[in-house]
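**Q** One structure coming up, written as structure tokens, with questions to follow.
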Amino acid sequence: MSFLREMMMKKALLLVVLFYPLLSWKAPGSVLREEKRAVVNNTAGNPGVSGLVYDSLNLEQYGLSRRVFDLALKGWQRLRAYGRVTRENVVSIVDFSQPSFKKRLYVIDLVNPRLLFNTYVAHGRRSGKEVATRFSNRPRSLESSVGF
């Protein structure tokens, strides 16, 4: 009986030795996801990284100011910290400082820096004419909600 038990222990030890490297192995996709998550984590809190995204996409050319972009990333980072962000690599920005006849909605992929959408967006009926000047978070106010 002890011989059988000893053989089983050796086989178990051999299996552990053979498969141990696989326990710490990560699929290529999971490593890439972790790297992308690190990029996203560093984007909003780091002016240098957010500046790289802003500059590499030439967002100024599309009408998005650096100030609005930085404020949006700060707010987005806070929402992420509270678990309120569903797409970790995408931020959507509506720049209400621009008139409604301009393309003022920006949807940006922060991990693979790309401007996914840049299009028109209306503001609330009672928020102003061409530029939104009044905002409210009250239900049925018909005014745009400013913030996140």
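**Q** Conditions: (1) touching a Lys or Arg at 6+ places or on another chain (Cβ under 8 Å); (2) modelled with pLDDT of 90 or more. ARG134 meets all but one. Number of the miss?
**A** It is condition (2) that ARG134 fails.
A quick yes/no check of all residues on (1) of a type in the set (Ser, Thr, Tyr); (2) modelled with pLDDT under 90; (3) farther than 18 Å from VAL53 by Cβ:
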| site | (1), (2), (3) |
| --- | --- |
| GLU88 | no, yes, no |
| VAL91 | no, no, no |
| ASP95 | no, no, no |
| GLU143 | no, yes, yes |
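The values are calculated or read from the model by the stated rules, or taken from the named source; none is laboratory data. Worth saying up front: this structure is predicted, and the values here are computed from it rather than measured. No Cβ is skipped: glycine too gets one built from the backbone with ideal geometry, and neighbour counts run over all protein chains shown.
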